[in-house]
Amino acid sequence: MKARRITWKEIKRQKFLMLCTLCFVIYGILFYYVPLGGWIMAFQNYKPKDGLIGSQFVGLEKFKFLFSDATFLRVIRNTLAMGVLNLVCTFVMAIVFAILLNEVRSNLGKKAVQTISYLPHFLSWIIVTGILQDALSSTGIVNELLVNWGLVKGPISFFSIPKLFWPIVAFANVWKETGWNAIVYLAAITSIDPSLYEAATIDGAGRWAKIKNVTIPGIKPTIMILLIMNIGNVLNAGFEVQYLLGNGLVKPVADTIDIYTLTWGISQNDYSLGTAAGIFKSVVAIILIVAANQFAKKTGEQRLF
Amino acid sequence: MKKLSWTNSSIWDRIFVVCNTIFLVAFVVITVYPVLNTVALSFNDGIDAVRGGIHLIPRIFTLQNYRTVFNQKNIITGAYITVARTVIGTILALVTNSLLAYVVSRKRFLFRSQLSLFWVVTMYVNGGMIPTLILYKSLHLTNSFWVYVIPGMIGAFNMLVMRTYMEGLPDGLEESAQIDGAGDFTIFARIISPLCKPVYATVALFVAVGQWNSWFDAMLYNRMSSEYTTLQYELMKLLSSVMQTGGSANPGGTSAATAVTPVTVRAAATVATMLPIICLYPFLQRYFVTGMTIGSVKE
């Protein structure tokens, strides 16, 4: 397309758009870009009374402290491990759920199951973790079933066993988001050309063959896009559940980077250290998303940018 | 008809249908049971509930738990604030996001791609918890109601959903309005917006649910001002106080609360908090399905 000449007349005609743009840019700079300037704090010994200008610069000291702190290294491990576990579990479950739901012949049944499956997404993490604590308590349904079926002798105290914490968090995520995440896959499945299924039927393909050769290849581009989008968020998924479900007994496996930031930055008032931990998280997130995008580009799949 | 398809299908097909049905029924039970169980607990006598074994029907029916919950001043304040932030936050978000989406979806606009990029960047990079907190403090947004609705007002994701929808509208609409002498604001308010009702509903739903469910902002920015507490934050305090005191807490603080144990009170508070959303979401399905599909499948 030929580049248009920018004329005064054109600018005058677009004055409303320009005015809006100005407001949106001011708002965006203030609330999204100014906090980035706060990253300077990570290289300072920030004191609220001295402010950003007056505080003493200490170079990379805060980062050196972070990476020599055994707690921080453990916190990185926890964040990554839970992030990856959650991503894999919620992803696989959403795809499986969408494919299986799509195989249901009755429209009413399909609709009913789908409506119910959205429900947990609309509940806050406070409610979800509260419900989970009830279900897993000593008098809760899970222990009741386990005891009645003779699988365990006495009730298990789920939230005091470090080994069970990661699976519980993964389950909570699957419980909350499976139906919601499946929306996109179900939409993608409906947009698959029906003649492909007809052709497969003529070729004598059974249900499994059709799922394997038509449905899954049909939704593969959607899967790739969502995977890339979510890989950047792996580290972001590590706050609410862990904060709400964690307790003293599981602290070594439950604390994440965000909880570390909260403890040091807010409770201990070491703003600089909290900011440094936040920067580390942001940088890793950007590296992950760029890497995932490059990988998709190499393998010839759809990509974000 | 049904019989025919049954006899025609292979044995594997039948096994598949049976397994699939079992899977989906299990899925539904696992999703719904804990919620219904909470409802049953909320109507049950507190001391009796400690024995366990309550499933879908209360054993000893009482409304005492709800009385205890609604007698707490903080919860009532929290309810008012939550309703206010949901309504005001949704309106503000709708107005600003739709206007921004309108601007970036105008193909003739000179700074269209720059403005779009400016906002997309905010999806991936942010200052983090501490710099944000310091910013809000210096803007005097902490210990105020406005911290709930002003900072998160414009979100790149919601803007993109609206933009995609607006870009799908025919260009001719705008062109003929321009010929009739309509300015940009008129085109936005009179021509584009009425056509965008479905996507506005979608974004309104996303924002409203987010506002209703958020608690961390109340804890981080308004911890010191109980007059700006929210329902979810009060629920969280209720749940964590119960955990710490190991069941001996008396959150109601009234003499009548002796018959109420925390498990049932927290169930009542939970039900009160989730009820509005549970009642509304089934009727809004088509809106969020549209929104999720537009938002995630990039073409």
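The values are calculated or read from the model by the stated rules, or taken from the named source; none is laboratory data. Note that the coordinates shown come from a computational prediction; the quantities given were computed from them, not determined experimentally. Cβ atoms come from the backbone with ideal geometry, glycine included; neighbour counts cover every protein chain shown. Keep in mind that these areas ignore ligands, DNA and RNA; they rest on the heavy atoms of the full protein, side chains included. Shrake-Rupley method; radii C 1.70, N 1.55, O 1.52, S 1.80 Å.
How many residues are free of Cβ contacts under 8 Å to residues at least 12 places away in the same chain and under 30 Å from residue A:196 (Cβ atoms) when one looks only at segment A:216-260? Steps first, please.
Step one: of segment A:216-260, the residues free of Cβ contacts under 8 Å to residues at least 12 places away in the same chain are A:217, A:248, A:251.
Adding the requirement that they be under 30 Å from residue A:196 (Cβ atoms) leaves A:217.
Count: 1.
Restricting to segment A:45-97, what's the tally of residues that are buried (at least 21 other Cβ atoms within 10 Å of the Cβ) and among the polar types (S, T, N, Q)?
4
Please name all residue pairs, on different chains or six or more residues apart, with Cβ atoms under 8 Å, provided the first residue is in segment A:270-289 and is more than 14 Å from residue B:126 (Cα to Cα) and the second residue is of a type in the set (S, T, N, Q) and not in a helix (DSSP H, G or I).
Going by the 8 Å Cβ cut-off, the qualifying pairs are A:272/A:44; A:272/A:45.
Go over the candidates B:85, B:59 one by one and state the one that is basic (Lys, Arg) and outside the structural domain of residue B:275 (by TED's automatic domain parsing).
B:85
Collect the residues in segment B:267-285 that are of a type in the set (A, V, I, L, M), more than 9 Å from every other protein chain (Cβ to nearest Cβ) and surrounded by fewer than 17 Cβ atoms within 10 Å (Cβ to Cβ), keeping them in residue-number order.
The answer is B:275, and nothing else.
Answer yes or no: is there a residue in segment A:190-199 that is more than 14 Å from chain B (Cβ to nearest Cβ) and part of a loop (DSSP other than H, G, I, E, B).
Taking every residue of segment A:190-199 in turn, at least one turns out to be more than 14 Å from chain B (Cβ to nearest Cβ) and part of a loop (DSSP other than H, G, I, E, B).
For residue B:146, which of the numbered conditions (1) open to solvent by less than 60 Å² (accessible area, probe 1.4 Å); (2) within 22 Å of the chain's Cα centre (by Cα) fails to hold?
It is condition (1) that residue B:146 fails.
For residue A:258, only one of the following conditions fails: (1) open to solvent by 10 Å² or more (accessible area, probe 1.4 Å); (2) at pLDDT 90 or above; (3) more than 10 Å from chain B (Cβ to nearest Cβ). What is its number?
Going through the list (1) open to solvent by 10 Å² or more (accessible area, probe 1.4 Å); (2) at pLDDT 90 or above; (3) more than 10 Å from chain B (Cβ to nearest Cβ), residue A:258 breaks only (3).
In segment B:90-120, which residue that is closer than 22 Å to residue A:38 by Cα and in contact (Cβ under 8 Å) with a residue 24 or more places away in the chain is farthest from the other protein chains (Cβ to nearest Cβ)?
Ranking the qualifying residues of segment B:90-120, first place goes to B:120.
Does segment A:111-128 hold any residues that are part of a helix (DSSP H, G or I), facing chain B (nearest Cβ under 7 Å), of a type in the set (A, V, I, L, M, F, W, C) and more than 10 Å from residue A:177 (Cα to Cα), and which are they?
Applying the first criterion (part of a helix (DSSP H, G or I)) to segment A:111-128 yields A:111-122, A:125-128.
Okay, now just the ones that are also facing chain B (nearest Cβ under 7 Å), so A:113, A:115-120, A:122, A:126-127.
Narrowing further to those that are of a type in the set (A, V, I, L, M, F, W, C): A:113, A:116, A:119, A:122, A:126-127.
Once the filter is applied, which keeps residues that are part of a helix (DSSP H, G or I), facing chain B (nearest Cβ under 7 Å), of a type in the set (A, V, I, L, M, F, W, C) and more than 10 Å from residue A:177 (Cα to Cα), segment A:111-128 yields A:113, A:116, A:126, A:127.
So which helices (runs of 4 or more DSSP H) are wholly in segment B:1-66 and hold at least 1 residues that are surrounded by 16 or more Cβ atoms within 10 Å (Cβ to Cβ), at pLDDT below 95 and facing another protein chain (nearest Cβ under 8 Å)?
In segment B:1-66, B:11-42 are the helices (runs of 4 or more DSSP H) which contain 1 or more residues that are surrounded by 16 or more Cβ atoms within 10 Å (Cβ to Cβ), at pLDDT below 95 and facing another protein chain (nearest Cβ under 8 Å).
Please determine, by comparing only the residues of segment B:121-130 that are open to solvent by 30 Å² or more (accessible area, probe 1.4 Å) and farther than 13 Å from residue A:29 by Cα, which one is farthest from the other protein chains (Cβ to nearest Cβ).
Restricting to residues being open to solvent by 30 Å² or more (accessible area, probe 1.4 Å) and farther than 13 Å from residue A:29 by Cα, the top hit is B:123.
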